[in-house]
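**Student:** Handing you this structure, nothing more for now.
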Amino acid sequence: MLRSKSIKGRLIATVVISQALLAAGLLFAGVFYTHRRLVAALDAGLQARAMSVAALVRYTEDASGNLYFDDSLVPRSLDPDHPDFFEVWAERSGLLTRSPNWPAGMEIPAGPDHHWNLTLGNVPYRVSRVSHVPVLDREEGQFFQPQALTIVYASPLIRVQEQTWAAGVFIAVASLILLGATVLLSLYGIRRGLLPLQRLAAQAALVSARNWELPMPAEAEQTTELRPLTDSMIAMLERLERSFVQQREFMGNAAHELKTPVAVLKSTLQSLLHRPRNSEEYRAGVQESLEDLERLERLLQWMLRLARAEQWAHGALRRDLELIDITATCEEAVERIRGLAQSRHTSIHLATNGKVLLRADPEDLQLVWLNLLENAVRYSPEGGVVEVAVTRKDGGPAQIIFQDHGIGIRPEDLPHVFERFYRGDPSRTRATGGFGLGLAIAKALVEAYGGTITAENAPTRGTRVTVELPLNGSN
Amino acid sequence: MRVLIVEDEPRLAENIARSLRESAGYAVDVATDGQEGSFLAESNTYDVVLLDLMLPEMDGMQILTRIRQAGQHTPVLVLTARDEKESIVDLLNAGADDYLTKPFDLGELLARTKALIRRGKGQPSPVVTIGDLQLNTANRTVQRAGRTILLTAMEYRVLEYLAHRPGAVVSKTELLEHLYDYNWEKFSNVIEVYISGLRRKLDDGSDRQLIHTVRGQGYILQD
């Protein structure tokens, strides 16, 4: 199943996701930075406390240079639940003192000055080692070598963690509030931004087969992003309307053309039944009806041919077509029309100049040639000549010219001869048996192959029809 | 009655003409192009014109306009293959009295033609009554004082024409023009024969004469 997608939903999702990523990044950076700063501050505090512990180391009163730790002035722990602990080492005397709560069995190996973390019974501690601290107590007239001290001081990290957490919560809450505000703002913005689209849709919904007008809402026309849409909508509507009008005209003409023979047929049969007739009259009536039916049948055939030709006009080039010789199809068409030509004492002269190859369906081309030849023969005077010439312009299209020496086409009819059902003079063409579809079929087929067809009155006398078929890719 | 058919499909025109002649006894002229149709319509007086729209030379609409511009009141029945509302509205506005779309029923065409002729002569009912004479144009029967009178086809046509113009003087030429097609002139002597035949049959057993002769002018049908 296809899920419907919402532009609004996508934009909101994009905004929310990017904002959430931003908030997460901010939270992480904030927490990281706060923690770093707090730990650094704690480290400084640890150093200060180590110094104050160092200040409690004194020399003994004798001149031995031994040291002792005066534990009466040990600074109080900041957090009574998790008291600090420390140890003091002297350079020569070794371990001088340890706070009473020094974890049993824990030994800190000697090393350079630094800070590190330590967990004791689920309580995190920060430990600091400070070395080369001189003993502050100095005796007058000292003759022994002074000792340096190394102090390890540890304090719980709990407060730092609590403060870091508080900072994190603050940043997170602030980000959430900002995120909510952004979503609301962007919702408003998107809704306003999509308004022209809705107006456009409302207007487009009013377009129908009766009303092709699409008044473009000003907002839609002023919106840059909608321009391509509105432009193509207008163009599409124009095309649709044109083809719709054409289709309707065709339907009207087809109805007219079909109704007339049906009316004739119906009236013949009704008048036959109107009163008793003798068998001769019945026979004549049935004969007439049959002729009318045949005419109707021919008309239907022509209409189907036209429909097929126009259908192919959209798909001809997509079919798999073989290379065929245009000249050969012309020769064949001339052969097929010869019967009609002879009955009217008309001769056909075909001038060719070798093969002209084109990817095409030979049936299509023959249909074109037959229609043009039939017209030429029908409008030629008794005993006239129809000239057909197949030529190929250098590198250009194939050119097939049909020339008769008949009555020609009335100038006012020239622009319309390729229209469906167009008959310059209905009585004349009806007498010659045409339906006004032959040229329309020829045009549809020629255009299916990307070609052009034109009709003109020859300067001398008669009509000249020129077909040009592009050969690109065929030779 | 005399009818003009303007229709370019010769077989259809012929079928309509035949059925009008056979079942209504009308005189029928046929024109197969617009020029001829227009010429006939303007140079003769018809009781109804059946007009096709798509015609060579001059289309039906033009003929209709010309007939009406010439001030002719002849009823016009248009035969059309198109049934779009617009064109029908245009037709009626241009002066057509009725229309039929192709393919139509010959019976309906006949009935409409008769109705148009009646109305064109101010006779809304198919049964015309003059005194004790009753003429039914639908089934072509004539009764006088309840007694059915059998008439020949031509006698009936003469009586029908007179009955459609009761109380008016109808000249012999008018009768000829409306009862025969374009070559009526060669029938000029037969009217007296039909009138006397009619008088004999109608007035049989009655003391009142219905068809009167107006000397030098023509005939008049009245009680």
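**Student:** If we scan region B:41-48, do we find a residue that is surrounded by 20 or more Cβ atoms within 10 Å (Cβ to Cβ) and out of contact with any strand residue (DSSP E or B) (no Cβ under 7 Å at 6 or more places or on another chain)? Give the steps one after another, and end with the answer.
**Tutor:** Of all residues in region B:41-48, those surrounded by 20 or more Cβ atoms within 10 Å (Cβ to Cβ) come to B:41, B:46-48.
When the remaining residues are screened for being out of contact with any strand residue (DSSP E or B) (no Cβ under 7 Å at 6 or more places or on another chain), the result is none.
The answer is no, given that none of the residues of region B:41-48 is surrounded by 20 or more Cβ atoms within 10 Å (Cβ to Cβ) and out of contact with any strand residue (DSSP E or B) (no Cβ under 7 Å at 6 or more places or on another chain).
**Student:** Okay, moving on. Considering only residues that are more than 24 Å from the chain's Cα centre (by Cα), loosely packed, with under 14 Cβ neighbours inside 10 Å and of a type outside the set (Asp, Glu), which ones fall in region A:190-218?
**Tutor:** Selection gives A:206, A:208, A:209, A:210, A:211, A:215, A:218.
**Student:** With the checklist (1) part of a helix (DSSP H, G or I); (2) more than 9 Å from chain B (Cβ to nearest Cβ); (3) under 18 Å from residue B:19 (Cβ atoms) in hand, flag the one item residue A:227 doesn't pass.
**Tutor:** If we test residue A:227 against (1) part of a helix (DSSP H, G or I); (2) more than 9 Å from chain B (Cβ to nearest Cβ); (3) under 18 Å from residue B:19 (Cβ atoms), just (3) comes out false.
**Student:** Tell me whether region B:70-87 contains one or more residues that are crowded, with 20+ Cβ neighbours inside 10 Å, more than 19 Å from residue B:21 (Cα to Cα), of a type in the set (A, V, I, L, M) and out of contact with any helix residue (DSSP H, G or I) (no Cβ under 6 Å at 6 or more places or on another chain).
**Tutor:** The answer is no, given that none of the residues of region B:70-87 is crowded, with 20+ Cβ neighbours inside 10 Å, more than 19 Å from residue B:21 (Cα to Cα), of a type in the set (A, V, I, L, M) and out of contact with any helix residue (DSSP H, G or I) (no Cβ under 6 Å at 6 or more places or on another chain).
**Student:** Listed residues A:221, A:257, A:288, A:297; which is out of contact with any Leu (no Cβ under 8 Å at 6 or more places or on another chain), surrounded by 12 or more Cβ atoms within 10 Å (Cβ to Cβ) and under 27 Å from residue B:80 (Cβ atoms)?
**Tutor:** Details: A:221 fails: under 27 Å from residue B:80 (Cβ atoms); A:257 fails: out of contact with any Leu (no Cβ under 8 Å at 6 or more places or on another chain); A:297 fails: surrounded by 12 or more Cβ atoms within 10 Å (Cβ to Cβ).
Testing whether each residue is out of contact with any Leu (no Cβ under 8 Å at 6 or more places or on another chain), surrounded by 12 or more Cβ atoms within 10 Å (Cβ to Cβ) and under 27 Å from residue B:80 (Cβ atoms) leaves just A:288.
**Student:** Just checking, how many residues over region A:271-292 are more than 11 Å from chain B (Cβ to nearest Cβ) and not in a helix (DSSP H, G or I)? Show your work before the answer.
**Tutor:** Just the residues of region A:271-292 that are more than 11 Å from chain B (Cβ to nearest Cβ), to begin with: A:276, A:278-280, A:282-284, A:286-287, A:290.
With not in a helix (DSSP H, G or I) added as a condition, the list becomes A:276, A:278.
Looking only at that region, the number is 2.
**Student:** For region B:135-152, which positions are under 18 Å from residue B:117 (Cα atoms) and not charged (D, E, K, R)? Please lay out each step first, then the result.
**Tutor:** Filtering region B:135-152 for residues under 18 Å from residue B:117 (Cα atoms) gives B:135-141.
Matches in region B:135-152: B:135, B:136, B:137, B:138, B:139, B:141.
**Student:** Yes or no: residue A:342 more than 16 Å from residue A:448 (Cβ to Cβ) and in contact (Cβ under 8 Å) with a residue 40 or more places away in the chain?
**Tutor:** Details: more than 16 Å from residue A:448 (Cβ to Cβ): yes; in contact (Cβ under 8 Å) with a residue 40 or more places away in the chain: no.
No: the conditions fail for residue A:342.
**Student:** Is it true that some residue in region A:31-50 is of a type outside the set (Lys, Arg), more than 26 Å from residue A:125 (Cβ to Cβ) and touching a residue at least 12 places away in the same chain (Cβ under 8 Å)?
**Tutor:** no
**Student:** May I pose another question? Which residues, counting only those in region A:346-394, are surrounded by fewer than 16 Cβ atoms within 10 Å (Cβ to Cβ) and in a loop (DSSP other than H, G, I, E, B)?
**Tutor:** Result: A:353, A:354, A:355, A:381, A:382, A:383, A:393, A:394.
**Student:** Please work out which one of (1) assigned to a helix (DSSP H, G or I); (2) modelled with pLDDT under 85 is the condition residue A:184 fails and give its number.
**Tutor:** Unmet for residue A:184, out of (1) assigned to a helix (DSSP H, G or I); (2) modelled with pLDDT under 85: (2).
**Student:** Of all residues being without any contact (Cβ under 8 Å) to a residue 40 or more places away in the chain and under 60 Å from the mean Cα position of the chain (by Cα) in region A:71-121, which is surrounded by the most Cβ atoms within 10 Å (Cβ to Cβ)? Just the residue, please.
**Tutor:** Among those that are without any contact (Cβ under 8 Å) to a residue 40 or more places away in the chain and under 60 Å from the mean Cα position of the chain (by Cα), it is A:118.
**Student:** Residue check, residue A:83 against (1) more than 17 Å from residue A:43 (Cα to Cα); (2) of a type outside the set (A, V, I, L, M, F, W, C); (3) in a loop (DSSP other than H, G, I, E, B), all met but one. Which one?
**Tutor:** Evaluating residue A:83 over (1) more than 17 Å from residue A:43 (Cα to Cα); (2) of a type outside the set (A, V, I, L, M, F, W, C); (3) in a loop (DSSP other than H, G, I, E, B) leaves (1) as the failure.
**Student:** Without any contact (Cβ under 8 Å) to a residue 40 or more places away in the chain, of a type in the set (Val, Ile, Thr) and within 30 Å of residue A:16 (Cα to Cα): is that true of residue A:183 in this structure?
**Tutor:** Details: without any contact (Cβ under 8 Å) to a residue 40 or more places away in the chain: no; of a type in the set (Val, Ile, Thr): yes; within 30 Å of residue A:16 (Cα to Cα): yes.
It is false that residue A:183 is without any contact (Cβ under 8 Å) to a residue 40 or more places away in the chain, of a type in the set (Val, Ile, Thr) and within 30 Å of residue A:16 (Cα to Cα).
**Student:** Checking residue A:68 against (1) of a type outside the set (A, V, I, L, M, F, W, C); (2) crowded, with 19+ Cβ neighbours inside 10 Å; (3) not in a loop (DSSP other than H, G, I, E, B), which test does it fail?
**Tutor:** So the condition that residue A:68 fails would be (2).
**Student:** Test residue B:27 against the stated conditions and say whether it is away from chain A (no Cβ under 14 Å) and either at pLDDT 85 or above or surrounded by 19 or more Cβ atoms within 10 Å (Cβ to Cβ) (or both). So that I can check it myself, show each step before the final result.
**Tutor:** Values: away from chain A (no Cβ under 14 Å): yes; either at pLDDT 85 or above or surrounded by 19 or more Cβ atoms within 10 Å (Cβ to Cβ) (or both): yes.
Yes, satisfied.
**Student:** If we keep just the residues of region B:1-23 that are surrounded by fewer than 20 Cβ atoms within 10 Å (Cβ to Cβ) and not charged (D, E, K, R), which is farthest from the other protein chains (Cβ to nearest Cβ)?
**Tutor:** B:10
**Student:** Yes or no: residue A:133 within 30 Å of residue A:82 (Cα to Cα), outside any helix (DSSP H, G or I) and in contact (Cβ under 8 Å) with a residue 40 or more places away in the chain?
**Tutor:** Details: within 30 Å of residue A:82 (Cα to Cα): yes; outside any helix (DSSP H, G or I): yes; in contact (Cβ under 8 Å) with a residue 40 or more places away in the chain: yes.
Yes.
**Student:** Here is a further query. Answer yes if at least one residue in region B:58-74 is under 30 Å from residue A:250 (Cα atoms), within 14 Å of chain A (Cβ to nearest Cβ), part of a strand (DSSP E or B) and in contact with a strand residue (DSSP E or B) (Cβ under 7 Å, 6 or more places away or on another chain), and no otherwise.
**Tutor:** So far as region B:58-74 goes, no, none of its residues is under 30 Å from residue A:250 (Cα atoms), within 14 Å of chain A (Cβ to nearest Cβ), part of a strand (DSSP E or B) and in contact with a strand residue (DSSP E or B) (Cβ under 7 Å, 6 or more places away or on another chain).
The values are calculated or read from the model by the stated rules, or taken from the named source; none is laboratory data. Everything quoted here is computed from the prediction, not taken from an experiment. Backbone-built Cβ (ideal geometry, glycine too); neighbour counts: all protein chains shown.
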